[in-house]
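Visitor: Can you keep this structure in mind? I'll have questions shortly.
The values are calculated or read from the model by the stated rules, or taken from the named source; none is laboratory data. Remember, it's a predicted structure, so these values are computed and weren't measured experimentally. Quick reminder, even Gly has a Cβ in these numbers, built from the backbone with ideal geometry, and neighbours come from all protein chains shown.
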Amino acid sequence: MTRLTSLARGLITAVAALLAATVPTATARAGAEPEAPGDFVALRSVDPTIIQEMRYFTPHNFVGERVDGYVQPVCLLTRPAARALHEAQRKLLRQGYTLKVYDCYRPQRAVDHFVRWAEDLDDQAMKGEFYPNVDKSRLFTDGYIAGKSGHSRGSTVDLTLVKLPARPTRPYRPGEPLVPCFAPKGERFPDNSVDMGTGFDCFDTLSHTLDPRVQGDRRANRLLLKTTLEKLGFVNLAEEWWHYTYKPEPYPDTYFDFPVSRKSLTGHH
């Protein structure tokens with residue numbers, strides 16, 4: 001009986017040791033970051049001439065800090081969307097412009113970060129620039145923030161036009177005075193883009209692509225971006241002059257959560 005008990009104890013000890021040895025590996029596998037499907041690419045590998053100013057990697061956005069999931073300031077997109085942007089860029093370069101992207105693929109964890117921020121009514125740090133006329137409690141109701149984003153499907157991009165030669169845009173300094181995103185271009189935060197009537201991510205009806213109050217060169221700039229992209233399969237979101245989705249989307253119903261980093265593409269051949 002005693003011998004059997006000691007054998008049993010020995011067996012239990014051996015099994016426990018084996019489990020202890022294998023659990024960390026299993027945990028590491030379970031905790032590994034998801035990777036992008038094989039038809040996602042870095043935009044730079046398809047068109048290195050398109051400027052990338054990845055706003056959610058920086059504190060210059062409506063949240064006021066780097067957004068969850070943005071590990072590197074890189075634009076990732078499905079290959080068809082990236083190729084269509086390359087075609088648009090070829091056309092625009094001949095007219096003296098370049099595209100500039102502000103955001104491309106956006107992981108679900110970033111959207112979750114936006115939702116947490118929107119629910120925290122005490123955090124109004126960036127209101128002066130991005131939503132001066134909107135009560136933060138209305139961001140969901142008015143459609144500025146939602147629990148899902150088309151960006152997470154990989155074929156949506158936020159972008160603008162820059163007149164060549166492109167001058168660099170200075171970095172935002174956290175804590176600097178904020179100016180409304182719909183102020184005259186010379187007064188709002190400097191951006192090397194052409195004047196679109198508002199800045200990027202301006203939570204205001206003036207951001208509606210065809211808002212009748214936006215006229216002259218600003219309207220012409222919006223229409224140049226719109227007509228160029230629409231001819232290549234992109235569809236504009238009417239409420240945001242900067243927001244375009246390539247159709248047909250390879251993943252119309254899938255919301256990915258792999259990080260924005262080159263490493264997310266490393267499994268590709």
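Visitor: Applying the selection to region 206-245, what residues are assigned to a helix (DSSP H, G or I) and either of a type in the set (Asp, Glu) or in contact (Cβ under 8 Å) with a residue 24 or more places away in the chain (or both)? Give the steps one after another, and end with the answer.
Guide: Within region 206-245, the first condition is being assigned to a helix (DSSP H, G or I), and the residues that meet it are 206-207, 216-230.
Within region 206-245, 206, 207, 217, 221, 222, 224, 225, 228, 229, 230 meet the criteria.
Visitor: Taking region 205-216 as the search range and keeping residues that are surrounded by 13 or more Cβ atoms within 10 Å (Cβ to Cβ) and not polar (S, T, N, Q), which one is farthest from residue 181 (Cα to Cα)? Working first, answer last.
Guide: If we filter region 205-216 for residues that are surrounded by 13 or more Cβ atoms within 10 Å (Cβ to Cβ), which is where we start, we get 205-209, 211, 214.
Now drop any that are not not polar (S, T, N, Q), which leaves 206, 208, 211, 214.
Values: 206: 10, 208: 13, 211: 15, 214: 14 Å.
Ranking the candidates gives 211 first.
Visitor: In addition: Given the criteria within 20 Å of residue 189 (Cα to Cα), touching a residue at least 60 places away in the same chain (Cβ under 8 Å) and buried (at least 18 other Cβ atoms within 10 Å of the Cβ), does residue 64 qualify?
Guide: On the way: within 20 Å of residue 189 (Cα to Cα): yes; touching a residue at least 60 places away in the same chain (Cβ under 8 Å): yes; buried (at least 18 other Cβ atoms within 10 Å of the Cβ): yes.
So residue 64 passes the test.
Visitor: Moving on. What number of residues in region 132-154 are out of contact with any helix residue (DSSP H, G or I) (no Cβ under 7 Å at 6 or more places or on another chain) and closer than 11 Å to residue 114 by Cα?
Guide: Counting residues in region 132-154 that are out of contact with any helix residue (DSSP H, G or I) (no Cβ under 7 Å at 6 or more places or on another chain) and closer than 11 Å to residue 114 by Cα gives 2.
Visitor: Filter region 234-267 down to residues that are in contact with a Ser or Thr (Cβ under 9 Å, 6 or more places away or on another chain) and of a type in the set (Asp, Glu) and give me whichever is farthest from residue 100 (Cα to Cα).
Guide: Only one residue tops the list, namely 257.
Visitor: In addition: Could you go through region 108-122 and let me know if any residue there is touching a His at 6+ places or on another chain (Cβ under 9 Å) and among the hydrophobic types (A, V, I, L, M, F, W, C). Give the steps one after another, and end with the answer.
Guide: In the first step, residues of region 108-122 are kept if they are touching a His at 6+ places or on another chain (Cβ under 9 Å); the result is 110-111.
Those still in the list that are among the hydrophobic types (A, V, I, L, M, F, W, C) too: 110-111.
Yes: one or more hits.
Visitor: Looking only at region 151-188, count how many residues are crowded, with 18+ Cβ neighbours inside 10 Å and either under 20 Å from the mean Cα position of the chain (by Cα) or closer than 12 Å to residue 53 by Cβ (or both).
Guide: 13
Visitor: Residue check: is residue 131 over 14 Å from the mean Cα position of the chain (by Cα) and either at pLDDT 95 or above or among the acidic types (Asp, Glu) (or both)? It would help to see each step written out before you state the result.
Guide: Working: over 14 Å from the mean Cα position of the chain (by Cα): yes; either at pLDDT 95 or above or among the acidic types (Asp, Glu) (or both): yes.
Answer is yes for this residue.
Visitor: Which of the residues spanning region 145-199 are within 28 Å of residue 249 (Cβ to Cβ) and hydroxyl-bearing (Ser, Thr, Tyr)?
Guide: If the condition is that a residue be within 28 Å of residue 249 (Cβ to Cβ) and hydroxyl-bearing (Ser, Thr, Tyr), then 149, 152, 155, 156, 160, 193, 198 are the ones that fit.
Visitor: Among the residues of region 161-174, is any modelled with pLDDT of 95 or more, out of contact with any strand residue (DSSP E or B) (no Cβ under 8 Å at 6 or more places or on another chain) and farther than 24 Å from residue 73 by Cβ?
Guide: The answer is no, given that none of the residues of region 161-174 is modelled with pLDDT of 95 or more, out of contact with any strand residue (DSSP E or B) (no Cβ under 8 Å at 6 or more places or on another chain) and farther than 24 Å from residue 73 by Cβ.
Visitor: Residue 255 is checked against (1) part of a helix (DSSP H, G or I); (2) in contact with a helix residue (DSSP H, G or I) (Cβ under 6 Å, 6 or more places away or on another chain) and fails just one. What number does that condition carry?
Guide: Looking at each condition in turn, residue 255 falls short on (1).
Visitor: Tell me, please, whether a residue that is under 27 Å from residue 41 (Cα atoms) and crowded, with 21+ Cβ neighbours inside 10 Å can be found in region 126-137.
Guide: First pass over region 126-137, keeping only residues under 27 Å from residue 41 (Cα atoms): none.
Within region 126-137 (the criterion being under 27 Å from residue 41 (Cα atoms) and crowded, with 21+ Cβ neighbours inside 10 Å), the answer is no, since none of the residues qualifies.
Visitor: Just one of 160, 198 is in contact with a Phe, Trp or Tyr (Cβ under 9 Å, 6 or more places away or on another chain), within 24 Å of residue 245 (Cβ to Cβ) and outside any loop (DSSP other than H, G, I, E, B); which is it?
Guide: Just a single option satisfies the conditions, and that option is 160.
Visitor: Starting from region 101-114, take each residue that is in contact (Cβ under 8 Å) with a residue 40 or more places away in the chain and within 12 Å of residue 145 (Cα to Cα) and list its partners that are part of a loop (DSSP other than H, G, I, E, B) and of a type in the set (S, T, N, Q), counting only C-beta distances under 7 angstrom and pairs at least six apart or across chains.
Guide: 111/149
Visitor: For the structure I just gave you, tell me whether residue 184 is assigned to a loop (DSSP other than H, G, I, E, B) and touching a strand residue (DSSP E or B) at 6+ places or on another chain (Cβ under 6 Å).
Guide: Numbers: assigned to a loop (DSSP other than H, G, I, E, B): yes; touching a strand residue (DSSP E or B) at 6+ places or on another chain (Cβ under 6 Å): no.
When the stated conditions are applied, residue 184 does not pass them.
Yes/no matrix, rows are residues, columns are (1) modelled with pLDDT under 95; (2) farther than 30 Å from residue 249 by Cβ; (3) surrounded by 14 or more Cβ atoms within 10 Å (Cβ to Cβ):
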position: 30; (1), (2), (3): yes, no, no
position: 33; (1), (2), (3): yes, no, no
position: 41; (1), (2), (3): no, no, yes
position: 45; (1), (2), (3): no, no, no
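Visitor: Looking at residue 80, is it modelled with pLDDT of 95 or more and over 23 Å from residue 236 (Cβ atoms)? Explain how you work it out, then say what you get.
Guide: Working: modelled with pLDDT of 95 or more: yes; over 23 Å from residue 236 (Cβ atoms): no.
Criteria not met by residue 80.
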